[in-house]
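The structure appears right after this line, and notes come after that.
The values are calculated or read from the model by the stated rules, or taken from the named source; none is laboratory data. Worth saying up front: this structure is predicted, and the values here are computed from it rather than measured. Virtual Cβ from ideal backbone geometry, glycine too; neighbours counted across all protein chains shown. Only protein heavy atoms, including side chains, enter the accessible area calculation; ligands, DNA and RNA are left aside. Shrake-Rupley method; radii C 1.70, N 1.55, O 1.52, S 1.80 Å.
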Amino acid sequence: VQLQASGGGLVQDGGSLRLSCAASGTSLRDITMGWFRQVPGKEREFVAAFRWSTNTPYYTDSVKGRFTISKNNARSAVYLQMNSLKPEDTATYYCAAKFRAITSTIRSGYDYWGQGTLVTVSS
């Protein structure tokens with residue numbers, strides 16, 4: 001399974017960005033694709049995930065109402081639309097995928113990781 005993440009960048013407080021993660025090398029039928037983020041010196045934390053077969057999204061509390069995760073079947077990709085960005089959203093964002101029936105918010109449940117993409121929100 002290969003994951004290709006893109007879409008990071010620099011944005012002002014209150015701005016928007018869309019991250020994309022394209023998957024290849026696998027069937028997506030049983031996949032859950034997620035986004036995690038990490039700042040230097042801190043643990044990588046869960047942001048959002050999308051269970052492909054049931055179209056179920058999951059979010060961490062701090063991004064609910066601001067971020068939306070969705071899928072694109074034709075492109076085998078998930079998107080993370082990030083609105084009302086705040087300086088505390090600044091981090092490197094990582095795309096991840098899993099097939100195991102483990103809670104989608106747990107980092108250790110994910111077996112495949114893409115490269116990080118940096119999101120910087122200036123105040």
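Table for the structure above
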| read-out | value |
| --- | --- |
| Of GLY41, GLY65, GLY15, the one that fluctuates the most in a GNM where the chain has Cα springs shorter than 10 Å | GLY41 |
| Under Karplus coefficients 6.51, -1.76 and 1.60, residue-wise ³J(HN,Hα) of segment 44-61 in Hz, glycine/proline x | 6, 10, 5, 10, 7, 8, 9, 8, 4, 6, 10, 6, 9, x, 9, 9, 7, 4 |
| For segment 7-61, accessible area per residue (1.4 Å probe, heavy atoms of protein chains only), Å² | 53 |
| Relative contact order computed over the chain (Cα-Cα under 8 Å; 6+ residues apart), in percent | 35 |
| Hull-based mean projected area of segment 5-74, where the convex hull spans the alpha carbons, in square nanometres | 6.0 |
| Computed lengthening from THR103 to LYS86, 0.36 nm per intervening residue step minus Cα-Cα distance | 3.4 nm |
| Alpha-carbon Debye profile of the chain, log10 I(q)/I(0) at 0.18 Å⁻¹ | -0.87 |
| Under 5 Å, built H, 5+ apart or other chain: amide partners of THR26 | none |
| DSSP-assigned coil residues among GluC sites (Glu not before Pro) in segment 28-109, each with at most 16 further Cβ atoms within 10 Å | GLU43 |
| Beta bridges per DSSP with both ends in the chain, % antiparallel, nearest 5 | 90 |
| Portion, in percent, of the accessible area of segment 1-57 that falls on carbon or sulfur, probe 1.4 Å | 43 |
| Other-chain or far-sequence residues with amide H under 5 Å of ILE31's (modelled H) | TRP52, SER53 |
| Under 5 Å, built H, 5+ apart or other chain: amide partners of TYR112 | ALA97 |
